[in-house]
Amino acid sequence: MKKFTLFLFAMAVAAVSFAQGHEPASDGSKPKEITLTDAERELVKANNNFALRLFREARTEENAILSPLSITYALGMLNNGATGRTQQEINEVLGFGEAGADAINAFCRKMLTEAPKLDDTKVAIGNTIFVNEGMGYRLQDAFVQTVNTFYDAQPQARNFTDGKTMDVINQWASDHTNGMIKQILDAESFDPMAVSYLLNAIYFKGDWTNEFDPESTTEEPFNGGDAVPMMNRLFYDDIGYAENDLYQAVNLPYGLGAYSMSIFLPKEGKTVADILEKMTDEDWKNFSENYSVAVKLPRFETQTDQDLKEIMSNLGMPTAFIPTYADFPYFCNEQIYISLMKQVAKIKVNEQGSEAAAVTIIGEKALSANDYYATFHATRPFLYLITEQSTGVVFFIGQYMGKLAASASLPQREEQSPKAVYNLAGQRLNKVPERGIYIRNGQKVVK
């Protein structure tokens, strides 16, 4: 039984062109691998929980795609400007705990430099920081040196009131995602008074190791509803397969096998939510290659534009979003808090392979098969992940729910749950107080 370990990680801020650093495997037949220390493997394993909790918190019944790795990079870089409770919460939410910012920096550096070089699958990680010099803001020298060293981030000073900065930021996002993400900010979300915007971009393009034949694609109903283009292929002993009482799963490799898409199809009567509720790192390890598997998989596209402030606050880092409590003394020449955090992500899956991209932005404001045969027909909602195989790092996690919601922004909750309510000391409350002062979604509420 082949071990296949999925790890969930996230991504964020510094500048690398998607065309740079792409180097195929040297022997032409096997991918290179990223070597991790035991300590790094433990950190990646802990970060799995962040990615799962992130998707549980963000998902609705719509199609969705997120990059946990992009969030980890963005917060990892900003974390170098934090201290105290703010930094502690970021470390814990990302799964790094006491290992802290240094461990995040080292791991992000390793993935930044090595992930694009494993085989002929194209992977690029880009990061940058735009600073509002028009308002007199400047980054601290030590912070700039750290993000240059570990994230290749080259801060760009601009006057945000020049009428051009928003377009420059959006063009950067487009350039670093091969045109997949053309807009990360609009007139409503862009703030000319912001201190800075930190951005990370991830771009992924991989051809299936064994492609689907377009002539075998047929229109078939999905989940009992409208027909979708359904790709068909019989795989022999070149993919992984797993099955239990909760789901069937296949692991479809790209290129030489450095990256793959793992698809978890709920059994009849089960749901994606059921899988997410019970899925842990230990549940993802066993894929057998002793099966021939007849696979049906929709050809689809999904795009998500997700506000992350409430989600990340609910996951355990509310302090960074509260103006009077956020503690980033090593970031710039003003005390700041996170006023904007969002991600736009997109994926295309077809007979040739997959193309995916994500841009995470953080805005700050100042105070002021051979032995067995199986069928895997993804004709109902399913969960999918794109991972790097030697480390298990998950670049993207998503779900496909059907044709009617092929591209959607996840709706915002009308009411925030009681767990997202905090007192003025930053402690989470079990319910909304009937009277008094408390914090909800980073805002002070007085009753």
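The values are calculated or read from the model by the stated rules, or taken from the named source; none is laboratory data. Source: prediction; values computed, not measured. Cβ sites come from the backbone with ideal geometry, for glycine too, and all protein chains shown count toward neighbours. Surface areas here come from the heavy atoms of the whole protein model, side chains and all, with no ligands, DNA or RNA. Shrake-Rupley method; radii C 1.70, N 1.55, O 1.52, S 1.80 Å.
A few comments on the model shown:
- Shape call, the stretch 226-308: gyration tensor on alpha carbons, a/c limit 1.5: rounded
- Rg(Cα)/(2.2 N^0.38 Å) for the stretch 78-185, N = residue count: 1.22
- Sequence-distant residues sharing a close amide H with residue 248 (under 5 Å, placed H): 265, 267
- Neighbourhood charge, 12 Å Cβ-Cβ cut-off, centred on residue 35 and excluding it, Lys, Arg +1 and Asp, Glu -1: -1
- Under-5 Å amide H pairs with residue 256, H placed in peptide plane, nonlocal only: 120, 121
- Taking the average, over residues, of other Cβ atoms within 10 Å as the packing measure, peptides 61-68, 102-109 rank 61-68, 102-109 from highest down.
- Across the stretch 164-264, C-alpha contacts under 8 Å between residues 6 or more apart give a mean separation that, scaled by the residue count, equals a relative contact order of 17 percent.
- Prolate/oblate/rounded call for the stretch 35-98, Cα gyration tensor, a/c under 1.5 rounded: oblate
- Cβ-defined net charge surrounding residue 173, 13 Å radius [Lys, Arg +1; Asp, Glu -1]: -1
- Shape call, the stretch 195-251: gyration tensor on alpha carbons, a/c limit 1.5: prolate
- Accessible-area composition of the stretch 205-342, carbon plus sulfur, in percent [1.4 Å probe]: 42 percent
- The stretch 178-286 - Rg (one decimal) and Dmax (whole number), Cα, Å: 19.4, 58
- Surface accessible to a 1.4 Å probe, per residue, for the residues of the stretch 82-148, Å²: 37 Å²
- Built amide H within the under 5 Å cut-off of residue 339, gap 5+: 363, 364, 365
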